[in-house]
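**Q** Before anything else, here's the structure in question.
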Amino acid sequence: AAPGASPLLQQLNDEQRAAVTLPPEHALILAGAGSGKTRVLTTRIAWLLASGQVTPGGVLAVTFTNKAAKEMMTRLGAMLPVNVRGMWIGTFHGLCNRFLRAHFRLANLPQAFQILDTQDQLSAIKRLVKQHNVDEERFPPKELQWYIAGCKEEGMRPKDVPARSEDDRRKVELYQLYEEQCQREGVVDFGELMLRSYELLRDHEPVREHYRRRFRHILIDEFQDTNKLQYAWIKMFAGEQNAVFAVGDDDQSIYAFRGARVGNMADFVREFSVRRQIKLEQNYRSFSNILDSANTLISHNKHRLGKDLRTDQGPGEPVRVYEAPTDLAEAQWVVEEIRHLVRGEGTAGGVPRHEIAILYRNNAQSRVLETALFNVGVPYRVYGGLRFFERAEIKHALAYLRLLENPRDDTSFLRVVNFPPRGIGARSLEQLQDAARAAGCSLHDAVSATTGKAGANLGGFVARIDVLREQTEGLTLREIIQLMLEQSGLLEHYRAERDGADRVENLEELVNAAESFVTQEGFGRDAVALPVDELGPQTLTQSPASQGLDPRQPVLDEPAPDFVAPDAETGETLSPLAAFLTHAALEAGDNQAQAGQDAVQLMTVHAAKGLEFDCVFVTGLEEGLFPSERSMSDRDGVEEERRLMYVAITRARKRLYLSHSQARMLHGQTRYNVRSRFFDELPEHTLKWLTPQGRAGARSAFGFGSGYPTTRQPAFQREADAPWNAPVPPRKTQPEHGLRAGMKVFHTKFGEGKVQTLEGSGEDTRAQVNFPRHGVKWLALSVAKLVPVE
Ligand code: ATP
Ligand code: MG
């Protein structure tokens, strides 16, 4: 290798170095959590560049989140004097967006096409369903949404979908109508980004050949969670001659419910005749108590490719386990513990807040935790959940902006035509929609044909938008947004609202978000494909120095490729506004307002994949929650939950907390949950129980013939003000029925079934049981006699 490349390799162990320096052919790096897969992938890119085997333009790298992509670029930028901005590093969606922007004509899209997020998609489907008088009971919009997304993930257009029944045919028809609607309005959903770029490559040989000649190295992180279409997409870019470097961990495959195929790993090895497979077995992230816990837990899964993971770090601290009486008490305990950590009590020095993560299974669980943190003034940051760009007021503002860009965007039109209210009723809108349908035009265009008072109001709205469009010409993004906020009446509306202060603040934050988008991201090049990219670095408007590079260092970049992508010839680029709207749709949405602070990190386990923190809390470890209720009816479901738990545990470097609560308020109902089966799958020696209720005692409660107390317990009362640190009495409510989730039972009427969840205690105990022949039933145990079998 070139001399410049060797320092890069010093930070690696032998296996990692072998992986990084593999010859340019297909390779699979299969390794457990924290073994340096992502580090290997990043270093390989750096090594390929530094040793002159590829230019930055020749690399295509796929990461799982935008955050990971940014991190990778930052690291590469630190390792080498290289123009990372021009590199194709991003998520599947981000890269597809970039690709489609560069070839919008071939893709049959308007250049400023808008991206529908999941919410927008649902409202588009609802609108369609209404318009076509679809029976919503029979075809719930949510299900149609899943159906359409599923078809696209399988690479199927309506004509490719097999339709066996009448219902099937209707769904295909709706899928078709949905596609036509999106096309008419110039919008694409997330699945469409993938499918359309795949089809474009498949159907246009010159484009395909261009990219195949260009991307010599294709690198994919988190390969275990790719779906069928993504796999086909990779294959399309790879062609015969390019090297695919895939890294993954089958034990961390957690998106099967969304179509991810862990089988892609085996397919990859077979179809690409992969000769190089490297395993990494040294974990650099966690102390051995944490690692042993993860290893033992995952060993309960049957379907595994199998690999070992060891660490040279000592045992470290034990894994701390806490049982709370209620979710509120659990949250208070977490917060108190965090305050100790930050102050540095019981640890060597204080832990920075951003090194503390609170993980949970569902977004809905964050609310209680947020309240507890908020009450004592601990700064926190929530990932996922209601993202900044998904808040109602922000969606309204974005809808106005989208209409400025694209008046045909009917989804946006309907969102704000009567917001703030301007006396446009549902009936007028129905008439307008009918007129638009009859004329085959957009709602915006149909307005001119309307009459009467309704017509005047609608005309006023359209005129307002059109005037605003003219006024904003030549303005900066910031000015455009400010003007829109005034002219649309949004600011005024929220200012007048009693509880509108937060919303006004968020709207102002939108201006800041736009500002930082323009300055920091230089238009957010990762979100938008500026055709300049195709023309090579000499057309970059920024000098290397302005990108934080030393101008004396050579910038590793290539001469312009000889093939100029068709749509790039004109040199057209997106307006800053269009670019910003794309960013808003694609950005994995952190709450911008809290971005700068040192804050505790809150997220679902899914969102934590690939990340690491010094201290991790995994909360809500209860049957029916984690593992989730839906997963519990089959083994594959439970195995996926166990992998999710494996991901959760392996995020921790130094300290891991696991907690569960006896009672929890979720979706407006108090539920009484048994603690998660995963506790029983962890090795005893790594655990430390913080609550008096000992492990041995708890275990015997579930074993048979261990003599349950015969006195009935009063139903558990929710104690809103239970002191967080009051010792929790030993579990009094030992189940006298001897049942637990996962157990096979017999019922005189329904026959054999499997217990899914248990709720309540004493006389109120109810069990949810899945009977193969009768479906899922809730049974009151005081009435139904369930007899365990086996
Ligand atoms: P995950 O499966 O969770 O995505 P991973 O396999 O991608 O994990 P990395 O995130 O790349 O693992 O690495 C885990 C941690 O170990 C990181 O902090 C990384 O910097 C560190 N690390 C990796 N390899 C080494 C090494 N050879 N020497 C020191 N630290 C290392
Ligand atoms: Mg990783």
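The values are calculated or read from the model by the stated rules, or taken from the named source; none is laboratory data. Only a predicted model underlies this, so the values are computations on that prediction, with no experimental measurement involved. FYI the Cβ positions are ideal-geometry reconstructions off the backbone, even for glycines, and counts take in every protein chain you see.
**Q** Taking the stated definitions as given, is Phe223 within 16 Å of ligand 1 (Cβ to nearest atom), closer than 22 Å to Leu586 by Cβ and touching a Gly at 6+ places or on another chain (Cβ under 8 Å)?
**A** For Phe223, the condition - within 16 Å of ligand 1 (Cβ to nearest atom), closer than 22 Å to Leu586 by Cβ and touching a Gly at 6+ places or on another chain (Cβ under 8 Å) - is met.
**Q** Counting only residues that are of a type outside the set (Phe, Trp, Tyr), away from ligand 2 (no atom under 14 Å from the Cβ) and in contact with a helix residue (DSSP H, G or I) (Cβ under 6 Å, 6 or more places away or on another chain), which one in the stretch 233-249 is modelled with the lowest pLDDT?
**A** Among those that are of a type outside the set (Phe, Trp, Tyr), away from ligand 2 (no atom under 14 Å from the Cβ) and in contact with a helix residue (DSSP H, G or I) (Cβ under 6 Å, 6 or more places away or on another chain), it is Gly239.
**Q** Is it true that Leu309 is in contact (Cβ under 8 Å) with a residue 40 or more places away in the chain, out of contact with any strand residue (DSSP E or B) (no Cβ under 7 Å at 6 or more places or on another chain), more than 16 Å from Ser659 (Cα to Cα) and surrounded by 20 or more Cβ atoms within 10 Å (Cβ to Cβ)?
**A** For Leu309, the condition - in contact (Cβ under 8 Å) with a residue 40 or more places away in the chain, out of contact with any strand residue (DSSP E or B) (no Cβ under 7 Å at 6 or more places or on another chain), more than 16 Å from Ser659 (Cα to Cα) and surrounded by 20 or more Cβ atoms within 10 Å (Cβ to Cβ) - is met.
**Q** Check the stretch 66-85 and report whether any residue there is of a type in the set (Asp, Glu) and either on the phi > 0 side of the Ramachandran plot or more than 15 Å from ligand 1 (Cβ to nearest atom) (or both).
**A** No, the conditions are met nowhere in the stretch 66-85.
**Q** Residues that are among the aromatic types (Phe, Trp, Tyr): which strands (runs of 3 or more DSSP E) entirely in the stretch 82-194 hold 1 or more of them?
**A** Fully inside the stretch 82-194 and qualifying: 88-90.
**Q** If a residue has to be in a helix (DSSP H, G or I), away from ligand 1 (no atom under 11 Å from the Cβ) and either under 18 Å from Val62 (Cβ atoms) or among the aromatic types (Phe, Trp, Tyr) (or both) to count, how many in the stretch 251-262 make the cut?
**A** Counting residues in the stretch 251-262 that are in a helix (DSSP H, G or I), away from ligand 1 (no atom under 11 Å from the Cβ) and either under 18 Å from Val62 (Cβ atoms) or among the aromatic types (Phe, Trp, Tyr) (or both) gives 2.
**Q** Still on this model: Among the residues of the stretch 14-62, count how many are away from ligand 1 (no atom under 15 Å from the Cβ) and among the polar types (S, T, N, Q).
**A** Number satisfying all stated conditions: 3.
**Q** Can you list residue pairs whose Cβ atoms sit under 7 Å apart, with the first residue in the stretch 409-429 being at positive phi and the second being in a helix (DSSP H, G or I)? Count only pairs 6 or more apart in sequence or on different chains.
**A** Gly423/Asn457
**Q** Can you give me the number of residues within the stretch 629-672 that are of a type in the set (A, V, I, L, M, F, W, C), crowded, with 23+ Cβ neighbours inside 10 Å and more than 16 Å from ligand 2 (Cβ to nearest atom)?
**A** Result for the stretch 629-672: 4.
**Q** Just one of (1) surrounded by fewer than 18 Cβ atoms within 10 Å (Cβ to Cβ); (2) under 16 Å from Val172 (Cβ atoms); (3) in contact (Cβ under 8 Å) with a residue 40 or more places away in the chain trips up Arg157, so point out which.
**A** The single condition Arg157 does not satisfy is (3).
**Q** Restricting to the stretch 29-76, name every residue that is in a strand (DSSP E or B) and within 10 Å of ligand 2 (Cβ to nearest atom).
**A** Passing the criteria: only Ala31.
**Q** Still on this structure, please answer the following. Got a sec? Which of Ile278, Ile218 is assigned to a strand (DSSP E or B) and surrounded by fewer than 19 Cβ atoms within 10 Å (Cβ to Cβ)?
**A** Residue meeting the stated conditions: Ile278.
**Q** Within the stretch 39-54, restricting attention to residues that are among the polar types (S, T, N, Q) and buried (at least 22 other Cβ atoms within 10 Å of the Cβ), which residue is nearest to Leu586 (Cα to Cα)?
**A** So, considering only residues that are among the polar types (S, T, N, Q) and buried (at least 22 other Cβ atoms within 10 Å of the Cβ), the one nearest to Leu586 (Cα to Cα) is Thr42.
**Q** In the stretch 757-790, which residue that is in contact with a Gly (Cβ under 7 Å, 6 or more places away or on another chain), in a strand (DSSP E or B) and not aromatic (Phe, Trp, Tyr) is modelled with the lowest pLDDT?
**A** Within the stretch 757-790, the match that is modelled with the lowest pLDDT is Arg766.
Quick grid of which residues meet (1) under 30 Å from Thr65 (Cβ atoms); (2) within 28 Å of the chain's Cα centre (by Cα):
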| residue | (1), (2) |
| --- | --- |
| Arg157 | yes, yes |
| Asp167 | no, no |
| Cys182 | yes, yes |
| Val188 | yes, yes |
| Glu209 | no, no |
| Arg212 | yes, no |
| Arg216 | yes, no |
| Ile220 | yes, yes |
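**Q** Does Leu373 meet the test of being under 30 Å from Glu337 (Cα atoms) and modelled with pLDDT of 90 or more?
**A** When the stated conditions are applied, Leu373 passes them.
**Q** Of the residues Leu30, Leu95, only one is among the aliphatic types (A, V, I, L, M), within 30 Å of Ser442 (Cα to Cα) and crowded, with 19+ Cβ neighbours inside 10 Å; which?
**A** Exactly one residue qualifies, and that residue is Leu95.
**Q** Moving on. Going through the stretch 641-660 one residue at a time, which ones are within 13 Å of ligand 1 (Cβ to nearest atom) and basic (Lys, Arg)?
**A** Arg643, Arg651, Arg653, Lys654
**Q** Right, something else. For the structure I just gave you, tell me whether Glu25 is at pLDDT 90 or above and surrounded by fewer than 18 Cβ atoms within 10 Å (Cβ to Cβ).
**A** yes
**Q** Select from the stretch 1-21 the residues that are under 27 Å from Arg85 (Cβ atoms), in contact (Cβ under 8 Å) with a residue 40 or more places away in the chain and away from ligand 2 (no atom under 16 Å from the Cβ) and write down the one among them that is surrounded by the most Cβ atoms within 10 Å (Cβ to Cβ).
**A** Leu8
**Q** Can you find a residue in the stretch 108-116 that is farther than 21 Å from Ala584 by Cβ and surrounded by fewer than 22 Cβ atoms within 10 Å (Cβ to Cβ)?
**A** Checked against the condition, which is being farther than 21 Å from Ala584 by Cβ and surrounded by fewer than 22 Cβ atoms within 10 Å (Cβ to Cβ), the stretch 108-116 yields at least one hit.
**Q** While we're looking at this one, here's another question. So is Ala715 under 39 Å from the mean Cα position of the chain (by Cα), hydrophobic (A, V, I, L, M, F, W, C) and at pLDDT below 50 or not?
**A** Taking the combined requirement at face value, the residue satisfies it.
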